[in-house]
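Only one structure is covered here, and it is reproduced in the block below.
The values are calculated or read from the model by the stated rules, or taken from the named source; none is laboratory data. Owing to the predicted nature of the structure, the values given are computational and were not obtained by experimental measurement. When we count neighbours, we look across all protein chains shown, and the Cβ atoms used for this are built from the backbone with ideal geometry, even at glycine. All accessible areas refer to the heavy atoms of the entire protein, side chains included, with ligands and DNA or RNA removed. Shrake-Rupley method; radii C 1.70, N 1.55, O 1.52, S 1.80 Å.
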Amino acid sequence: MLALFAGISLLSRVAAQSVTTYPPYAVSGDSTVQFTLESNGFDAPKVNFYNSTSAQWWYFDVVSNDLSQSAVISFLDNAPGATGSPSGVLPFNFIEVNLQLSSGQQISLQVSGQWVILTSEGDGLSGVFNGSGYSWTGASDLSSYTVTLDDTANELSGTIQLNSQISYTGVGYHDTNWGDQAFSDDIGSWYWGHVRFGPYSMVWFDLLDNTGVEHQLVYLAENGAVVANSCGSMPVRPTGLNSAYPPIPGLLPTGFTIVYDMGSAGIMEVNITNSQSIVSYPLLYTRWVGTVVGGIRGQAPTYSGIGLYEEMGG
Ligand SMILES: *[C@@H]1O[C@H](CO)[C@@H](O)[C@H](O)[C@H]1NC(C)=O
Ligand SMILES: *[C@@H]1O[C@H](CO)[C@@H](O)[C@H](O)[C@H]1NC(C)=O
Ligand SMILES: *[C@@H]1O[C@H](CO)[C@@H](O)[C@H](O)[C@H]1NC(C)=O
């Protein structure tokens with residue numbers, strides 16, 4: 001029985017793999033960028049090559065239930081293009097690492113990669129940033145991801161495991177973002193983050209573009225099944241002291257509130273209280289871990305949980 005399963009999975013694995021390599025410099029010409037998802041290859045590379053303005057990155061975070069430990073690792077292909085930073089400031093292929101340790105220490109590392117080797121299989125993707133010691137592997141059905149750190153330069157090693165089908169001692173999150181121009185060309189400020197409370201997982205992105213127009217994106221799942229996924233009404237607003245909106249650089253709130261009108265499914269209300277900041281670039285960007293209480297307005301019960309989230313432009 002076991003052998004049979006192993007044999008089948010091996011066959012499908014061999015059949016479906018596709019490998020792409022990307023150099024540690026921009027290639028001239030027009031990139032082909034896939035803006036519409038296809039039926040498979042959910043996490044696969046969406047840009048055939050990176051010129052100086054096209055970019056894609058893969059983001060992973062985990063936070064422990066007691067909020068005392070977290071790790072955020074971002075793998076950027078064309079970091080200068082993605083961030084719109086002047087050339088020479090960031091390595092082209094770049095890994096940003098932020099660790100919050102139970103000792104209270106916070107570690108921030110910026111690591112450069114050489115060639116990037118991406119292997120896509122089914123909906124999953126594995127990546128190696130050659131020469132950096134950082135890589136990840138993703139299951140073809142997106143059920144698990146493992147990020148491996150073998151960073152001899154910074155004397156850091158270990159693995160971070162994200163599973164979407166079993167319970168574990170914290171929450172993890174993974175996504176990928178891509179485009180053909182720097183996000184700073186379009187976006188003024190934003191609130192982004194994810195929380196887990198009771199049976200719910202929620203991911204939000206509430207941004208003001210450079211003309212001051214607000215755009216809201218939200219994803220809500222209950223027991224792993226999507227409840228609502230819309231670009232509709234879902235304001236994310238700062239709360240407590242310094243809760244100016246639009247955000248004013250230097251004024252940091254003590255929490256956030258999200259009111260998501262899901263139509264016939266009710267109004268999901270989520271209150272978030274910052275526990276501590278885990279990354280801070282004063283006047284520009286803050287990332288926090290915090291506690292959350294949420295539920296459907298007017299209905300019992302409410303649930304508590306934890307989250308990891310950020311404010312850009314404040
Ligand atoms: C990179 O490719 C994109 C998509 O084809 C194109 O819009 C953009 O102008 C290109 N950038 C450069 C610097 O050639
Ligand atoms: C990645 O590095 C290994 C050795 O560390 C090397 O054999 C391989 O050719 C490299 N791949 C690319 C695409 O640079
Ligand atoms: C969120 O906070 C508001 C304002 O304090 C409160 O009225 C509401 O009941 C809270 N919602 C939840 C789910 O705790």
How much of the accessible area of the chain, probe 1.4 Å, is carbon plus sulfur, in whole percent?
-> 55 percent
Ranked highest first by the average count of other Cβ atoms within 10 Å around their residues, in what order do 210-218, 94-102, 37-45 fall?
-> 94-102, 37-45, 210-218
Computed, not fitted: 222 nm per-residue ellipticity of the chain from DSSP H runs ≥ 4 (each -39500 (n - 2.57)), nearest 500, equal to -2000 deg cm²/dmol
Report, in whole Å, the centroid distance computed from the Cα atoms of the stretch 291-305 and the stretch 35-78.
-> 30 Å
Bins of 20 Å, starting at 0 and running to the largest distance - Cα pair percent for the chain = 30, 60, 9, 0
Whole-percent tail of the Cα-Cα distance distribution for the stretch 188-312, cut at 17 Å, equals 54 percent
